[in-house]
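One structure is given here, and the rest of the page talks about it.
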């Protein structure tokens, strides 16, 4: 028989944030500690996997202990250890998985491996206590663009996914091309406020064999071609207009695919998740589109959209109550698909 309250210590290290959190019953966050490496990777224009892994190794112990302290909990209060085991950078994942396994073994606590994308989806449960499956969710981040039916806790049906560049990846590449640097998403979001989103007619890709799949490689190439043409013709590039027009093209595709799926499948609840879900223009456009259809719209606070351990603790709780446990053979799986274990 399960205890009334289940307290989970969660660890996230899939990319360049070393994070730990203490989460109760999948929805109450007692602490959410994040050690970011953005300043380091900005020097290189993107995440350097070798450096990311090394920094995780240096910081993970203090981050976990700080999270436990901020939650006011001791090791004895923890019922299970959760950790992201994929997808992500293999070296970065291995740091978190190895640490979590060692901790679970030393404390004689259950171990729960969590899918990173499932964590992003579960971030919506933290601030929206009323949200329960089924609902539709759009997951948009640096490496993933997924349109997902959330059938039940931990049960998903993928309607569409990225064919090439994910939305966040396109933001980073375009930001670099127009001189904004890394990380691209927040910088384009900010600069776009000063630009005209209709200044340049960039393409909106449609996939012939699956209308819900995403492709942003062609859009990225269109931006690069526009910049090259301006250079050849000695024409001035208005950075804010390029950023705003590019962002509008991304938002139009994300909103369009999502609302088409909502109309077809008849869901009355829609959520967004992932790093790109913190984009202010996307959030506003999704809210307006859902309002027109009388659909309840859910989105996590920006801090819960980017990589964090609270979302991993939320996802782990629903696995825990179903009896899911990971063995000591749990390993990092960099290309883990949603729904696989």
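We did not get these values from a lab; they are worked out from the coordinates using the rules stated. On a predicted model such as this, the values are computed, not experimentally measured, just so you know. Neighbour counts are summed over all protein chains in view; Cβ atoms, including those assigned to glycine, are modelled from backbone coordinates with ideal geometry.
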### Message
At R0 = 22 Å, how high is the FRET efficiency between residue 230 and residue 280 if r is their beta carbon distance? Nearest 0.05 is fine.
### Response
0.20
### Query
Relative to the compact globular guide of 2.2 N^0.38 Å, what is the alpha carbon radius of gyration of the range 230-282, as a ratio?
1.61
### Message
Using only the alpha-carbon atoms, how far is helix 217-232 inclined from the longest principal axis of the chain? Give it as 0 to 90 degrees, nearest 10.
### Response
40 degrees
### Query
Just one of (i) 0.99; (ii) 1.09; (iii) 1.19 is Rg/Rh (Cα atoms, Kirkwood Rh) as worked out from the coordinates here. Which one is it?
(i)
### Message
At a 10 angstrom cut-off on C-beta neighbours, averaged per residue, how do the peptides 87-99, 172-184, 195-207 rank from highest to lowest?
### Response
87-99, 172-184, 195-207
### Task
Arrange the following residues from fewest to most other Cβ atoms within 10 Å of their Cβ: 287, 17.
287, 17
### Message
Taking the Cα of residue 66, stepping 7 Å toward and past its beta carbon, and measuring to each backbone N in the range 91-116: which are under 17 Å?
### Response
96
### Query
Over the range 1-159, what relative contact order in percent results from Cα pairs under 8 Å that are six or more residues apart?
21 percent
### Query
Which order do peptides 45-54, 136-145, 229-238 fall in by mean Cβ count within 10 Å, highest first?
136-145, 45-54, 229-238
### Message
For Cα pairs less than 8 Å apart in space and 6+ apart in sequence, what is the mean separation divided by the residue count of the chain, i.e. the relative contact order in percent?
### Response
25 percent
### Task
Distance from a point 7 Å along Cα→Cβ of residue 206 to each backbone N in the range 145-176: keep the residues under 13 Å and list them by number.
none
### Query
Of the peptides 273-283, 151-161, 55-65, how do they stack up when ordered by the mean number of other Cβ atoms within 10 Å, highest first?
273-283, 55-65, 151-161
## Note on the structure
Expressed in µm² per second, the diffusion coefficient of the range 133-300 from the Stokes-Einstein equation, with Rh the Kirkwood radius over alpha carbon pairs, at 25 °C and 0.890 mPa s, is 152 µm²/s
### Message
More than 26 angstrom separation, counting every C-alpha pair in the range 47-179; what % is that?
### Response
38 percent
#### Entry: Where labels lie 7 Å past Cα in the beta-carbon direction, separation of residue 199 and residue 297 in nm
2.5 nm
### Query
Could you give the nm distance between label points at residue 40 and residue 158, where each point is 7 Å from its Cα heading toward the beta carbon?
3.0 nm
### Message
Given points 7 Å out from each Cα along the Cα-Cβ axis, report the residue 337 to residue 106 separation in nanometres with one decimal.
### Response
3.7 nm
#### Entry: Percent breakdown of C-alpha pair distances by 10 Å bin, ordered from the shortest bin, for the range 52-104
22, 54, 23, 1
#### Entry: the range 133-300: relative contact order in percent, alpha carbon pairs under 8 Å with at least 6 residues between
26 percent
#### Entry: Gain upon complete extension [residue 322, residue 75; 0.36 nm per residue less C-alpha separation]
86.6 nm
#### Entry: Computed [θ] at 222 nm, deg cm²/dmol, the chain (DSSP H ≥ 4; -39,500 (n - 2.57); rounded to nearest 500)
-14000 deg cm²/dmol
